[in-house]
Every structure is written in C-alpha cells, then in structure tokens.
Amino acid sequence: QLTAQEKEGAQKYVGYPSFSSHAVAVRFAQGHFRKPGPVTAWIKLMLPVVAGEPLTPVQRAAAAADYASGANGVLPYSSWSFMNADLTVHFTRPPVGDWIAVSSRVSSQKTGIGLGEATLHDTVAPFGRSAQSLFIEPANR
C-alpha cells in the first residue's frame, strides 16, 4: 500500500484522487513530471488488476509502460492536454520483480501528434520497449 505521505504527494500533484495517486508508487531516477526532457522513473503497481488475484510482473510492466508519455513534460501541463491513443509493449524476456523502470522520451509536433517511447527495465536489466501515439491539444482549464 502507498503511505499516507505518498498518496498526499501524488494527489497534490494530480489535483484529485486518481489511479496515479492511489494505485502506483513512483520514484524518479532522472528528470521529473514537471521538467521537460528524458525521464527515468521506477514504478510499482500497488493494487491488483483483477480483485483477489496476485499481480504478475507482466501486469506491472504493462502498467508502468503506460507512464512513458505522462512522465515526460515536453509541453506544460497547465496549457496542454494529451491522451494516449494506443500502447504497444514488446518484451525480450519476462520481467521480474515488483518495480519496473521506464526510461522515456516524448516528441510532439505542431500538428497535435506526439510519440512516447520507452525502454523498460527491471532490477536485472532492460527487458522491453514501449511506444504510444499521442493526441495533443490546448487544455481547456
């Protein structure tokens, strides 16, 4: 489970209770949500995908891969919004352990199209890659 301090910190960043503030723990090794540029974040899925079933390393890796675009603040979140149109994940071997690292980079164009791509690591070594197509538009805040 997330500690009260972790939930409070994530909820303060997100602004409301959400998946990011209650279901995952994130530790940044390089970069940060609010800083443009490449990011490496270790991510641990804290809640089961299916109630009553134990989490598998593949489920943890798939959830972590979804952070490749969101962890990379290539545009200011205060004035831009984006959604992942898809997520593709490729493994070279099964992941191991509870924590999955996502080393990600995002590129975007003035056309409203972006791409999030990442290398996925566990505590042993890199084991996969992910890619996300992004739809980007000005935020209505």
Check your understanding: Over the range 34-126, what percent of the accessible surface lies on carbon and sulfur atoms, probe 1.4 Å?
Key -> 62 percent
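For the range 39-127, divide the Cα radius of gyration by the Kirkwood radius and give the resulting Rg/Rh value with two decimals.
1.01
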Exercise for review: Collect residues whose amide H, placed 1.01 Å from N in the peptide plane, falls under 5 Å from the amide H of D122; neighbours closer than 5 in sequence don't count.
Suggested key: A101, F127
Check your understanding: What ranking of S78, S108 comes out by heavy-atom accessible area, probe 1.4 Å, highest first?
Key -> S78, S108
Practice item. Kindly report, to the nearest 10 Å², the accessible surface of W42 as traced by a 1.4 Å probe over protein heavy atoms only. Key: 70 Å²
**Study point:** Residues with amide H under 5 Å from that of W80, placed H, sequence gap 5 or more
**Key:** A139
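The values are calculated or read from the model by the stated rules, or taken from the named source; none is laboratory data. Predicted, not measured: the structure shown is a model, and the values here were computed from it. These area figures cover heavy atoms from the full protein model, side chains too; ligands, DNA and RNA do not enter into them. Shrake-Rupley method; radii C 1.70, N 1.55, O 1.52, S 1.80 Å.
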